[in-house]
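Data first, discussion second: the structure below is written as structure tokens.
The values are calculated or read from the model by the stated rules, or taken from the named source; none is laboratory data. All values derive from a computational prediction rather than experimental measurement. Reconstructed Cβ throughout: ideal geometry from the backbone, glycine too, with neighbour counts over all protein chains shown.
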Amino acid sequence: MKYVFVVGGVMSGVGKGVASASIGAILQSRGFKVTALKIDPYVNVDAGTMNPTEHGEVFVLDDGTECDQDLGNYERFLGKNLSRANYMTTGSVYQTVINKERRLYYNGKCVEVVPHIPLEVIDRINRAAKLTGAEIAIVEIGGTVGEYQNILFLEAVRILKLKRPKDVVLALISYLPFLNKDSELKTKPTQYAVRTLNAGGVQPDIVIARAGVPIDQKRREKISFNCNIAVDDVISAPDVESIYDVPVNFEKDNISGRVLKKLGLRPRKKDLKEFKKLSAKIHAAKKTVRIGIVGKYFGSGGFVLADSYISVIEAVKHASYSLGSKPVIEWIDAENLGDLRKYDGIIVPGGFGSRGVEGKIKAIRFCREKKIPFFGLCYGMQLAIVEISRDRLGFKDANTTEVNKNTGHPVIDILPEQKNKLAKKDMGGSMRLGAYPALLKNGSIALSAYKTGKISERHRHRYEVNPEYVGDLKEAGVAFSGTSPDGRLMEIMELSRKEHPFFLATQFHPELKSNPFSPHPLFTEFIKASLKHGKK
């Protein structure tokens, strides 16, 4: 087993996830079996209870694991489905160690934070690699060097490096600020980040220099001299048009050659054809498609943070690139909609709670009446059902019981099996999570997109279309084109093409299974309809 650890310096959001995914994709292209793991420094046992505005999107795996959005990057770049073994948090590691101690796993020893927490981390990494048959494990350590929260994970790196120095590479991705146009890239913060790592007993083998522009030779030499690494081990990571340019960019500095040499491995091949082709296609795209996303999780003070919807954004990009176009994605505040007519297509994504709900319903009605392509995801489907129930069925108080428990027409209601959990305030892992099968109806948009009658998609929700209202909704023109195999749960709703160019919503999250090399079929159909609408 070989290990590549990726840590971040200077500031958060520097691109550790994309860097880790890119290194994994490059090593995979050199002929090695690779897996990728994320270590989150939160005491939360999983990401399911974390605030999306603070932490970003909660990504869901096939097995129902609620995890960090970087697992989405790993899956998209590596083209693999990962499992709960690929994700850990401080909380989950401590929970395991305490449970082991209660079961006398340690044979009466005094259980201590060091070494038992770092050793559990190493065990988990090895288990994940063994499960997937990986030869190299890429391990991203969350947070920023110097924070108290990730010290124990750096200790795991130190222990592994001590025991197996030729099997471990530590890469630091660090930000180089550029103060103004007459200034230069500043390496001092990176030097401090390396010294902080040194204080924890570890030395980076590679420094990935993240900046707005490519790093020059003078800065490489400065980092090399002050951080005790070879000049060739400083890798340039400038801003790029698309994250799918990053692997190609890294290889310009021969990152795979440097990593493999340090791990004592010989490359078996060199083939980044897929990424080069994708990158060329993205840069060659001439058409644009304007997509509005009606959300409520992107406001942070005076700034817009798109991380809450990162998989939706990437799925829109995948579909657009495949159709030779570039998406112009704009954020629409659910509480302040503005003019929706300027968009070629509108997405109402997932969410929880009552804030912004009426704004989302207004946006859905506008799309339906003005024939603007509409794509609803999870909560977006539930609110489309509410909107149609109010307008076409005349149920003016129709609602989801998530918003109004006392509504006279609960067209969306909680899963019966979850009611007991919620009564006990047992919120963690209390939803319908992970991959579930669905059957598609003949003659539907969904079937024409998927081209197969049985699908499997990932879920994350507590509420469903209330079966008592399905008959009424069908009479109102709603086609439930996808259902659970037993017909009990409504998975996809749509309106006929005769009535609307594209009005479709899913109870699941199709964005979680989109891939730059295999765009999700429903997103592709939505972008096709949006391009057509844009021409009009």
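Among the residues in the stretch 53-62, are any touching a Cys at 6+ places or on another chain (Cβ under 7 Å), modelled with pLDDT of 95 or more and either more than 30 Å from Gly353 (Cβ to Cβ) or part of a loop (DSSP other than H, G, I, E, B) (or both)? First the steps, then the outcome.
Residues of the stretch 53-62 touching a Cys at 6+ places or on another chain (Cβ under 7 Å): 59, 61.
From the residues that got through so far, the ones that are modelled with pLDDT of 95 or more too are 59, 61.
Next, from what is left, pick out any that are either more than 30 Å from Gly353 (Cβ to Cβ) or part of a loop (DSSP other than H, G, I, E, B) (or both): 61.
Within the stretch 53-62 (the criterion being touching a Cys at 6+ places or on another chain (Cβ under 7 Å), modelled with pLDDT of 95 or more and either more than 30 Å from Gly353 (Cβ to Cβ) or part of a loop (DSSP other than H, G, I, E, B) (or both)), the answer is yes, since at least one residue qualifies.
No other residue among Asp271, Asp232 is part of a helix (DSSP H, G or I), of a type in the set (Asp, Glu) and out of contact with any Leu (no Cβ under 7 Å at 6 or more places or on another chain) apart from Asp232. Scanning the stretch 266-289 for residues that are touching a strand residue (DSSP E or B) at 6+ places or on another chain (Cβ under 7 Å), hydrophobic (A, V, I, L, M, F, W, C) and touching a residue at least 60 places away in the same chain (Cβ under 8 Å) turns up just one, Val289. Here is the figure for the stretch 84-121: residues that are of a type in the set (A, V, I, L, M) and either buried (at least 17 other Cβ atoms within 10 Å of the Cβ) or touching a residue at least 40 places away in the same chain (Cβ under 8 Å) (or both) total 8. For the stretch 209-224, the criterion of being in contact with a His (Cβ under 8 Å, 6 or more places away or on another chain) and in a loop (DSSP other than H, G, I, E, B) is met by no residue. If you go through the stretch 89-121 and keep only what is in contact with a strand residue (DSSP E or B) (Cβ under 9 Å, 6 or more places away or on another chain) and hydrophobic (A, V, I, L, M, F, W, C), you end up with Val93, Val121.
Every condition in (1) within 30 Å of Ala315 (Cβ to Cβ); (2) hydroxyl-bearing (Ser, Thr, Tyr); (3) loosely packed, with under 15 Cβ neighbours inside 10 Å is met by Tyr148 except one, and the failing one is (1). A residue that is acidic (Asp, Glu), outside the structural domain of Arg460 (by TED's automatic domain parsing), crowded, with 21+ Cβ neighbours inside 10 Å and not in a strand (DSSP E or B) cannot be found anywhere in the stretch 33-45.
Selection of the stretch 166-209 for residues being more than 20 Å from Phe5 (Cβ to Cβ), buried (at least 17 other Cβ atoms within 10 Å of the Cβ) and among the charged types (D, E, K, R) yields only Lys186. Does Glu75 satisfy the criteria of being part of a helix (DSSP H, G or I), over 14 Å from the mean Cα position of the chain (by Cα), farther than 23 Å from Pro238 by Cβ and in the same structural domain as Asp239 (by TED's automatic domain parsing)? For Glu75, the condition - part of a helix (DSSP H, G or I), over 14 Å from the mean Cα position of the chain (by Cα), farther than 23 Å from Pro238 by Cβ and in the same structural domain as Asp239 (by TED's automatic domain parsing) - is not met.
Among the residues of the stretch 212-256, just one is surrounded by 15 or more Cβ atoms within 10 Å (Cβ to Cβ), small (Gly, Ala, Ser) and more than 28 Å from the chain's Cα centre (by Cα), namely Ser224.
Among strands (runs of 3 or more DSSP E) entirely within the stretch 284-395, having at least 3 residues that are buried (at least 22 other Cβ atoms within 10 Å of the Cβ), touching a helix residue (DSSP H, G or I) at 6+ places or on another chain (Cβ under 7 Å) and not aliphatic (A, V, I, L, M) singles out 374-377.
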